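One structure is given here, and the rest of the page talks about it.
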Amino acid sequence: MKKWLPLIIIVVILIGIFRWGVGLNNTMVEKQETARTQWANVESAYQRRSDLIPNLVSTVKGYADFEKETLEGVIQARANATKTTIDPSNITPEQMAQFQESQNSLTGALSRLMVVVERYPDLKANQNFLELQSQLEGTENRINVERNRFNTVAKDYNIYIKKFPASVVAGFLNFDEMALFQAAPGSEQAPEVNFD
């Protein structure tokens, strides 16, 4: 029995290490899937905004003297934003930057549209336009909430895979860090308001 004791100890240690590694792997998988699910919620919120835009453009288009260039800008920005997608299993900083850039362009085009709308009192009073504008504002709030939630769960995952000893297992099993949403360039400065 004494000659088997070292072998039994080695087997028990190997089983313990295996179970420990499996536990780390399972936790990383759970955190990664939580982040991927939250990413799907972000995409869903952006899709809702994209779906509202054709109705908004159609409503605005009914006003004959409305700026055609502004509408075309919104339509083009929407097309570019819907073309830019990210594989949720591999959210890299480059993909995130490209996604954010296209979404920021669409946000800018929508902002320009709303500024131009101010010149058309009949359009601003149109019930359909008011309802679409309200839905768009609500959707922008949802986008912000979903982005913040994504950043929270992705950060939790990123921290977990960077901490020792999980970092060893994460590196061995190719668990990569997920990119986070960043503030749009220039958003740290308050917009200038001029009532001249």
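Could you tell me the center-to-center distance, by alpha carbons, between region 95-109 and region 126-187 in angstrom?
14
Can you give the helix-only mean residue ellipticity at 222 nm for the chain, where every DSSP H stretch with n ≥ 4 adds -39500 (n - 2.57) and the sum goes over all residues, rounded to the nearest 500 deg cm²/dmol? If you can, show how the numbers build up before the last one.
Values: 6 runs with 146 residues, N = 196.
Mean residue ellipticity at 222 nm (helix-derived): -26500 deg cm²/dmol.
Spin-label point model (7 Å from Cα, Cβ direction): what's the Ala97 to Asp176 distance in nm?
Here the modelled spin labels are 1.5 nm apart.
Compute the helix-to-body angle for 127-162: its Cα long axis versus the longest principal axis of the chain, expressed 0 to 90° and rounded to tens.
20
Mean-square fluctuation check for the chain, GNM, Cα pairs under 10 Å: which of Tyr120, Tyr160, Tyr46 is largest?
Of Tyr120, Tyr160, Tyr46, the most mobile in the Gaussian network model is Tyr120.
Taking the Cα-to-Cβ direction at Asn148 and at Ile17 and moving 7 Å from each Cα, how far apart do the two end points lie in nm?
Placing both labels 7 Å beyond Cα along the Cβ direction yields 4.5 nm.
What is the helix-to-structure angle for 93-117, meaning the angle in degrees between its Cα long axis and the longest Cα principal axis of the chain, kept from 0 to 90 and rounded to the nearest 10?
20
Quick one: what do you get for the chain if you divide its Cα Rg by 2.2 N^0.38 Å?
1.52
Defining a contact as two alpha carbons under 8 Å apart and six or more residues distant in sequence, what relative contact order in percent does region 24-121 show?
On the way: 41 pairs, mean separation 27.8, N = 98.
Relative CO of region 24-121 lands at 28 percent.
Among the lysines, which fall within straight-line cross-link reach of Lys61, defined as a Cα-Cα distance under 29 Å, with same-chain neighbours fewer than 8 residues apart omitted?
Lys83, Lys124
Along the positive direction of the dipole of the chain (beta-carbon charges: Lys, Arg +1; Asp, Glu -1; about the Cα centre), which of Val22, Leu113, Thr37 reaches farthest?
Final value for the positive-end residue is Val22.
Mind telling me which of Leu136, Leu106, Leu123 comes out most flexible in a GNM of the chain, alpha-carbon contacts under 10 Å?
It is Leu123.
Among Ile15, Ile143, Ile86, which one shows the biggest mean-square fluctuation in a GNM of the chain, springs joining Cα atoms closer than 10 Å?
Fluctuation is largest for Ile15.
Mind checking the dipole of region 27-153: about its Cα centre, +1 per Lys or Arg Cβ, -1 per Asp or Glu Cβ, Debye to the nearest 20?
Numbers: 14 positive and 17 negative charges, 21 e Å.
Its charge dipole is roughly 100 debye.
Find the relative contact order for the chain and round it to a whole percent, using C-alpha pairs within less than 8 Å whose residues are 6+ positions apart.
Values: 138 pairs, mean separation 63.0, N = 196.
The normalised contact order for the chain reaches 32 percent.
Mind checking the alpha-carbon convex hull of region 28-120 and giving the volume per residue in Å³? It would help to have the intermediate numbers written out before the result.
On the way: hull volume 7.8 nm³, N = 93.
Considering the Cα atoms of region 28-120, their hull volume per residue is 84 Å³.
Bear in mind that the values in this text are calculations on the coordinates, not laboratory data. All values derive from a computational prediction rather than experimental measurement. So basically every Cβ, Gly included, is an ideal-geometry build from the backbone, and we count neighbours across all protein chains shown.
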